[in-house]
Amino acid sequence: MTGERTCVEFDAPNTRVKRVDSAVEILDTSRTRFLLNALKDKLEELTTDGEFCRRLSDVYYDGRVDYETVEALLGRNEARRLKLLRASIDQTSAIPELKNDLPSNDAFYDGEVSEWTPSNLSESSDSA
């Protein structure tokens, strides 16, 4: 992995550090490489965890994390999908709104109402 590097310092229980040191000795790798691989594996595991993905989408829709964070965690395709879903949620309602009041029943039903009759529809379809 290329790019900028960040130094991370944390406290861990001695017993856990000793277990890691035993594993890295057997694997002939460094403690740093071992921990980086463990972090990578855990992040990959999280991206397939439905609960984590649901929580990430919730905080993305709420605006608590940005698109770049989602893309870094889930990848470009899934991040784009969430971005499109978020845009569709943010759109105005698809329910049409009336600018004026509805006409009264008298005005709407004013005049004679014609009755539908099945005119020569069946004859024209038979001749085709």
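Bear in mind that the values in this text are calculations on the coordinates, not laboratory data. Not measured: the values here are computed from a predicted model. A quick note on method: Cβ atoms are made from the backbone with ideal geometry, for glycine too, and the neighbour counts reach across all protein chains shown.
Observations
- Simple spin-label estimate for S88 and K40 in nanometres, 7 Å along Cα-Cβ: 3.5
- When exposed loop sites are taken as chymotrypsin sites (Phe, Trp or Tyr not before Pro) in a DSSP loop with at most 14 other Cβ atoms within 10 Å, the longest stretch of the chain clear of them is 11-108.
- Whole-number D in µm²/s for the chain (Stokes-Einstein; Kirkwood sum over Cα pairs; 4 °C, 1.567 mPa s): 59
- Under the criterion of Cα pairs below 8 Å and six or more residues apart, the relative contact order for the chain equals 10 percent.
- From its DSSP helices (H runs of at least four residues, each -39,500 (n - 2.57)), the chain gives a residue-normalised ellipticity at 222 nm of -18000 deg cm²/dmol.
- In the chain, lysine pairs with alpha-carbon atoms under 27 angstrom apart (chain gap of 8 or more, or interchain): 4
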